[in-house]
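The values are calculated or read from the model by the stated rules, or taken from the named source; none is laboratory data. Quantities reported herein were computed from a predicted structural model and do not represent experimental measurements. Reconstructed Cβ throughout: ideal geometry from the backbone, glycine too, with neighbour counts over all protein chains shown. Accessible surface is based on the protein model in full, side chains and every heavy atom, while ligands, DNA and RNA are left aside. Shrake-Rupley method; radii C 1.70, N 1.55, O 1.52, S 1.80 Å.
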Amino acid sequence: MNGERLFETIEKIENLDEAVMKVAENRQASLAKPPGSLGDLEDISIRMAGITGEVFNDIKRSCVAVFCADNGVAEEGVSSAPQSVTAAQTINFARRLTGVGVLSECFGSDLLIVDMGVKCPIPAELYDKVPLWNTRRIIDRRIRPETDNLAKGPAMSREEALRCLETGIEMADAVKNAGYDIMGIGEMGIGNTTTSAAVLSAITGKDSDYTCGKGGGINDKSFLRKKEIVDEVSAEYRAKGGLMTEMSQVDDVIDVLARMGGFDICAMAGAFIGAAVNKLPVVIDGYISVVAALAAYVMAPKSIGYMFVSHKSWEKGYELAVEALGLKPFLELGMRLGEGSGCPIAFQVIKGACDVMRNMATFEEAEINDDYLDEIRKGDCF
């Protein structure tokens, strides 16, 4: 596999529609409220206009894509949970018994569950090959049962990394073609806070003190081993200042993902790129999701315009990744579950922003003389 689809997709991503965003900005300024009084909701609605090319948008159908895979580095004792949990939770996503499953049911979102390489067996009857569309089944895109142990060598081959990236693009295409208005990106995989920390260190040039947390909970001995692994595998890239301090090529990011990533992270990065080319707004969940988004951004800088950050994760390294993206979360709920659990909540915030833009009265429609706001608009009152 030479990555032809990936490179072609990146080239096709368009910038946001600045002209429509200006119209949306003017519409916001005309709504019957003090300027800026709806804060981030105003910015969200304006950016949504730039994504879709329409001033008025609605979020009727939403979907969270959950990419599941195991990581060979788990044999180093960097996680408290056994790898059987990955399979169990992948099954429970289909049953809607997990955090993201319950929240998706609560808010009327669908799930797209993708097995990229779960180690322990999953009943064959739960699988489907085509994601169009039984949302209670698991899409089979398995690379192999788990990655290799990145502490001992590359986690996967370049060809496998490309397959994962292009699978992510495929899933974003499927979400768009199925008529969804927005998608979120989540994951499940024992050991994936270690892979995420390593990728983040390689991209940003920061060592494990900045990128490593205790994930789902580990003792001090395991935590020290986790940090040691992250620093060892990212050393070559950190010595150069990380991928963000030089004119990095797409191939550089692919190399990092293959050396120290996971099947889940690679596919997630591809899904962010796929969402952008489809002009589909896409929501970042927690730590693993934001690292995948950062990898997508370094490969495809235009993809950043299509991303929204749901919530502030407590996981160490999350804030570093968000700052590197230049974005900010609009929820702070103390969450650190992952899975995509922040996405169904964020969809409602974005829907609210769109509804305000579409349905709120302007000063003229409300028959209010807005001359009293002139000083505020000039900036004299703040």
Practice item. Could you name the lysines whose alpha carbon sits less than 19 Å from that of K226, not counting residues in the same chain fewer than 8 places away? Key: K152, K206, K214, K316
Check your understanding: Which percent of the accessible heavy-atom area of the range 148-304 goes to carbon and sulfur, probe 1.4 angstrom?
Key -> 47
**Study point:** Angstrom value of the Kirkwood radius, inverse mean 1/r, which spans all Cα pairs in the range 1-149
**Key:** 18.9
Revision key, fill the gap. P(r) over all Cα-Cα pairs of the range 230-289, 10 Å bins from 0 to the longest distance, whole percent per bin, short to long, reads 18, 45, 32, 5
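With a 10 Å radius around each residue's Cβ, average the other Cβ atoms per peptide and rank 259-267, 109-117, 312-320, highest first.
Packing order, densest peptide first, comes out as 259-267, 109-117, 312-320.
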Check your understanding: Using 7 Å Cα-to-Cβ label points, what is the K152/S37 separation (nm, one decimal)?
Key -> 6.4
Check your understanding: By a straight-distance test (C-alpha under 19 Å), which lysines pair with K279 as possible cross-link partners, with residues fewer than eight away in the same chain excluded?
Key -> K12, K22, K60, K176, K302, K351
**Study point:** Residue-averaged [θ]222 nm for the chain, counting only DSSP H segments that reach four residues, each worth -39500 (n - 2.57)
**Key:** -14500 deg cm²/dmol
Review point. DSSP beta bridges in the chain, what fraction antiparallel, as a percent rounded to 5?
Key: 5
Review point. Once fully extended, how much extra length lies between D140 and A239, figured as 0.36 nm per residue of separation less the alpha-carbon to alpha-carbon distance?
Key: 31.8 nm
Practice item. With just the Cα atoms of the range 61-219, tell me how far they stretch along each of the three principal axes, in Å, largest first. Key: 41, 30, 30
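Two-decimal Rg/Rh of the range 117-209 from alpha-carbon positions, Kirkwood Rh?
That ratio is 1.00, to two decimals.
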Review point. Working out 0.36 nm times the residue gap between D355 and S30, then minus their Cα-Cα distance, what length gain in nm do you get to one decimal?
Key: 115.5 nm
Study note, to complete from the structure: Once amide hydrogens are built 1.01 Å from N within the peptide plane, the residues lying 5 or more places from L112 or on another chain with amide H under 5 Å from its amide H are V64, A65, V66
Review point. Over the C-alpha atoms of the range 13-81, what are the Rg and the largest Cα-to-Cα span, Dmax, in Å?
Key: 20.1, 59
Study note, to complete from the structure: Helix 18-30: inclination vs the chain longest Cα principal axis, degrees, rounded to 10, gives 50
Exercise for review: Using only Cα atoms, find the angle between the long axis of helix 263-277 and the longest principal axis of the chain, and express it within 0 to 90 degrees, rounded to the nearest 10.
Suggested key: 30
Check your understanding: In nanometres, what is the gap between the two model label sites at E14 and L337, each 7 Å from Cα along Cα-to-Cβ?
Key -> 3.7
Point to revise | Where only alpha carbons of the range 292-354 are counted, the Rg and the Dmax (Å) | key: 11.8, 32
Point to revise | Over 33 Å [Cα-Cα, the chain], rounded percent | key: 28
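Mind checking the per residue accessible area of the chain for me, 1.4 Å probe, whole number of Å²?
40
Could you state, as a whole-number percent, how many of the C-alpha pairs of the range 205-248 are farther apart than 14 Å?
So the pairs more than 14 Å apart make up 50 percent of the total in the range 205-248.
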**Study point:** Alpha-carbon centroid distance for the pair the range 253-326 / the range 175-202, whole angstrom
**Key:** 7
Exercise for review: With the Cα gyration tensor of the range 128-285 in hand, convert its eigenvalues to equivalent ellipsoid semi-axes via √(5λ) and list them largest first in whole Å.
Suggested key: 28, 18, 15
